[in-house]
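J.: Just dropping this structure here.
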Amino acid sequence: EQLKSALSAIDISISDEDFNALSQGGAVPYDQLLTELQVEMSSRAHDMVDRAFESLDITGTGEISMAHVRSRFQGGQHPEARTGSKTAQAVTEEFMSVWNFTRGCHEGPVTLDQWRAVYGDIYVSSPSEEEFIEALCGVWSIVELGESNSALGVIHNQCRSFCEEKGVRSKEFFRDFDKLNTGLITEAQFIRALNSSSLPLNAEEIEQVLRAYRCTKNRASMVKYEMFCNKVDGKEDPNRKMECNPRMNPTPVTQSPLTEKRRTLNREAEEYVANLVEYLQYMARTQGWILKTYFKDFDKHNIGKVTPQQFRRNFPIELQDEQFMFLELKYQDPVFGDINYRALHDDITEHVAAVAQLDYTENPLARRPAEIDERETAEIELRLQNEIFQKRIRCKDFFQDYDRLRTGLCSQSQFKRALQTAFKNLSSYELDMLCRQYIDVNDQLGRVQHRKFCHNMDCVFNKDGLERRPRTPVDQPHQWQLDDFGESNQNLTENEQNMFNQIMDKVCTLVSSKRMNLKPFFENFDRNHRMEVTKDQFTRSLFTADINPVSYTHLTLPTKRIV
């Protein structure tokens with residue numbers, strides 16, 4: 001009977017059959033009934049309730065004292081207190097009465113579940129979700145991060161438009177301050193990053209962003225910059241906790257009006273603007289305009305927008321007020337009123353097509369065909385081994401900077417770069433052959449086994465297992481590169497040696513008197529930089545250098561001496 005009277009007091013009528021099914025012939029636990037009838041909070045309200053609890057839980061223990069709740073509650077900021085319908089004292093007493101009903105007392109620690117239970121009752125009794133969110137933000141001095149916060153949404157759209165114009169992501173501005181990728185930086189670092197990024201934000205807007213993304217849970221001076229970047233870059237809302245429910249569909253981000261470069265007008269206005277743009281195209285083509293250069297002095301941040309006064313002031317020709325008005329209507333920002341001059345520049349500038357190749361007849365004598373290098377990898381390695389043995393090069397040192405984890409692998413470009421640093425005269429053919437020889441076929445990235453290459457090159461100094469068999473002979477590199485040349489050659493007789501010295505003296509005198517450099521005369525015959533030429537090429541190079549004191553018969557002696 002008590003339940004029937006309570007339901008009738010709020011104009012709810014129930015039949016006897018339904019009442020018997022509800023009571024099941026006994027007493028009705030009304031608290032359980034209220035729990036079943038209670039409307040579940042939306043995800044938006046649930047997030048705001050948790051944020052209010054986080055702002056009070058400074059120590060991060062998951063519990064707050066009732067005295068702290070009472071001291072932080074600002075009843076005067078409640079919407080009903082601001083409008084004058086209730087006093088701040090009445091709002092505070094009403095809030096504490098809910099705590100008395102839910103917990104039965106006003107002292108002791110408060111957990112997150114108790115906090116949610118109290119605000120679950122307040123949410124049910126609120127006229128609408130908007131009023132509930134407004135009251136929650138007012139009494140606890142928090143800021144909503146969702147799209148319903150119009151001021152914060154304008155800041156997000158403004159930053160998003162700037163990043164799209166620049167073609168960058170906002171997270172790149174904060175990456176240097178967060179080496180560990182925690183998603184948190186200090187307030188000073190956050191402000192410094194915003195100032196250095198040239199985002200169009202003033203001091204008041206930066207302070208509002210700080211209030212919205214300041215972390216108060218065990219990190220009183222940290223800012224959740226990653227949440228701010230996700231909003232600006234158009235990613236899914238991080239408050240959705242997609243880690244807990246990975247199959248959920250992210251909420252699509254609405255298109256910002258700031259990204260609209262051209263507004264849609266009615267049919268007559270569009271025709272008028274089209275004729276005006278066609279006239280500006282003709283003037284730009286005949287007068288050689290580059291429209292965007294006229295507004296560079298006003299657009300310090302290079303975002304492609306100026307004010308209407310600046311647009312009219314630096315426009316290259318005089319137009320009527322009506323023409324300026326239609327251009328401003330077409331290219332004006334719907335939120336801030338700026339003119340997108342870059343969109344107008346794109347519309348009146350003709351895109352020049354690629355210039356076709358001119359017809360001409362190539363002179364076959366103007367270009368000498370390149371020699372085809374058909375050497376095998378073994379021959380290339382042999383040349384490198386001789387150079388390593390002579391110059392005592394340690395190949396391993398040139399690859400250490402490219403393999404910090406000591407995996408024995410590096411990319412193909414890094415392998416070629418290290419070889420070019422170690423050996424100055426390697427051709428592109430030799431680099432490609434070595435790269436293909438030592439590429440790891442089992443590696444998905446196609447990296448090169450530089451450790452195997454270094455091991456093969458170091459075989460000129462030692463062999464595997466020398467610690468166990470120290471008397472094992474080590475094969476030295478091929479002898480063709482280590483033969484004695486010049487005065488150390490033992491293939492000449494004493495008379496030939498004297499004649500060779502006389503010829504070399506004449507050559508040295510002629511070269512020093514003419515200040516000649518003989519090396520370029522031989523480089524045309526030594527494309528692979530092996531420092532070798534044939535006998536005929538040697539003779540031909542000397543005649544090209546105009547070595548006159550040496551007769552053709554005497555050239556056989558130097559070639560014999562140097563070969």
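J.: How would you classify region 296-346 from its alpha-carbon gyration tensor, with a ≥ b ≥ c the square roots of the eigenvalues: rounded for a/c under 1.5, else prolate if a/b is greater than b/c, otherwise oblate? Mind showing how you got there, number by number?
T.: Working: a/c = 1.75, a/b = 1.26, b/c = 1.39.
Oblate, since a/c reaches 1.5 and b/c is not below a/b.
J.: Label-point separation (nm) for Glu523 and Thr377, each offset 7 Å from Cα along Cα-to-Cβ?
T.: Label at Glu523, label at Thr377, 3.1 nm between them.
J.: What's the FRET efficiency of Glu187 with His68 using the Cβ-Cβ distance as r and R₀ = 22 Å, to the nearest 0.05?
T.: Numbers: r = 23 Å, r/R0 = 1.05.
The formula returns an efficiency of 0.45 here.
J.: For Glu467 and Gln537, calculate 0.36 nm times their separation in residues minus their Cα-Cα distance, and state this gained length in nm to one decimal. Mind dumping the intermediate values first?
T.: Working: separation 70, 0.36 × 70 = 25.20 nm, distance 4.76 nm.
Contour length minus the Cα-Cα distance gives 20.4 nm.
J.: List the residues, sorted by chain then number, that are 5 or more residues from Ser65 or on another chain and whose placed amide H is less than 5 Å from its amide H.
T.: Under 5 Å from the amide H of Ser65: Val110.
J.: Strictly over 23 Å apart at the Cα level, which of Lys166/Lys296; Lys224/Lys296; Lys171/Lys330; Lys424/Lys519; Lys171/Lys292 would you flag in this model?
T.: On the way: Lys166/Lys296 15 Å; Lys224/Lys296 35 Å; Lys171/Lys330 32 Å; Lys424/Lys519 16 Å; Lys171/Lys292 29 Å.
Correct reply: Lys224/Lys296; Lys171/Lys330; Lys171/Lys292.
J.: Which distance in nm do the two modelled labels at Gln320 and Arg406 give, with both placed 7 Å along the Cα-to-Cβ direction?
T.: Each label point lies 7 Å from its Cα, and together they span 8.2 nm.
J.: Still on this structure, please answer the following. Can you tell me which of 388-397, 157-166 comes out highest on packing, and rank the rest after it, using the mean Cβ neighbours within 10 Å? If you can, show how the numbers build up before the last one.
T.: Values: 388-397: 14.2, 157-166: 20.4.
Ranking the peptides 388-397, 157-166 by packing returns 157-166, 388-397.
J.: Each label point is 7 Å from the Cα along the Cα-to-Cβ direction; what then is the distance between the points at Arg392 and Arg436, in nm?
T.: Going from the Arg392 label point to the Arg436 one covers 3.7 nm.
J.: Can you give the three extents of the C-alpha atoms in region 380-440 along their principal axes, from longest to shortest, in whole Å?
T.: 31, 24, 16
J.: Specify the inter-centroid distance of region 271-324 and region 163-233, based on alpha-carbon positions, in whole Å.
T.: One Cα centre to the other: 35 Å.
J.: If you take the square roots of the eigenvalues of the alpha-carbon gyration tensor of region 260-315 and sort them as a ≥ b ≥ c, do you get rounded (a/c under 1.5), prolate (a/b over b/c) or oblate?
T.: Values: a/c = 2.39, a/b = 1.30, b/c = 1.84.
Because a/c hits 1.5 or more and a/b fails to exceed b/c, region 260-315 counts as oblate.
Values in this text are rule-based calculations from the coordinates and carry no lab data. As the structure is a prediction and not an experimental result, all values here were calculated from the model. Virtual Cβ from ideal backbone geometry, glycine too; neighbours counted across all protein chains shown.
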